[in-house]
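The values are calculated or read from the model by the stated rules, or taken from the named source; none is laboratory data. These numbers were taken from a predicted model, which means no experiment stands behind them. Using ideal geometry, Cβ is built from the backbone for each residue, glycine included, and neighbour counts are taken over all protein chains shown.
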Amino acid sequence: MSINWQEFERPTGGDYNRWKPETEGDQINGIITAIRVATMPDGNKYPSLTIDVQGDKYEVLVSQTQLLRLVAEKKPNVGDTINIIFTSVEKLSGNKTLKHFEVTVTKGKPISTDDLI
């Protein structure tokens, strides 16, 4: 089986950090500069957002169940401002958990790569 490594590559042109919420209250707020599809080794595909937060670029893999649902409802585009807050963890049966989020999207003007330089 062959893996398409290009789908895992980070966008070029800068340093990227991965935003991974761990503590309730963790949040990210910035302008979406890229949206791509990330394919996991098991074949599942998730959106990956590149978010510019005051000049620092973060990659947000939208794979958590509730986060994916909320982001899909908002249908953000490149140029929109997104705010994601990790609000709580719900304990489920079978020693599983469900992370809860709040997501707001403010529509912005579409940006081109020229705007990022």
- [ ] Return the residue satisfying two criteria in turn: it lies in segment 41-53 and is out of contact with any strand residue (DSSP E or B) (no Cβ under 7 Å at 6 or more places or on another chain) and not small (Gly, Ala, Ser), and of such residues it is nearest to Val78 (Cα to Cα).
- [x] Asn44
TODO: Tell me which of these Thr39 doesn't satisfy, since it passes every other one: (1) at pLDDT below 90; (2) out of contact with any helix residue (DSSP H, G or I) (no Cβ under 8 Å at 6 or more places or on another chain); (3) polar (S, T, N, Q); (4) surrounded by 13 or more Cβ atoms within 10 Å (Cβ to Cβ).
DONE: (2)
TODO: Go through (1) more than 16 Å from Ile28 (Cα to Cα); (2) at pLDDT 95 or above; (3) of a type outside the set (Ser, Thr, Tyr) and name the single condition Asn77 misses.
DONE: (2)
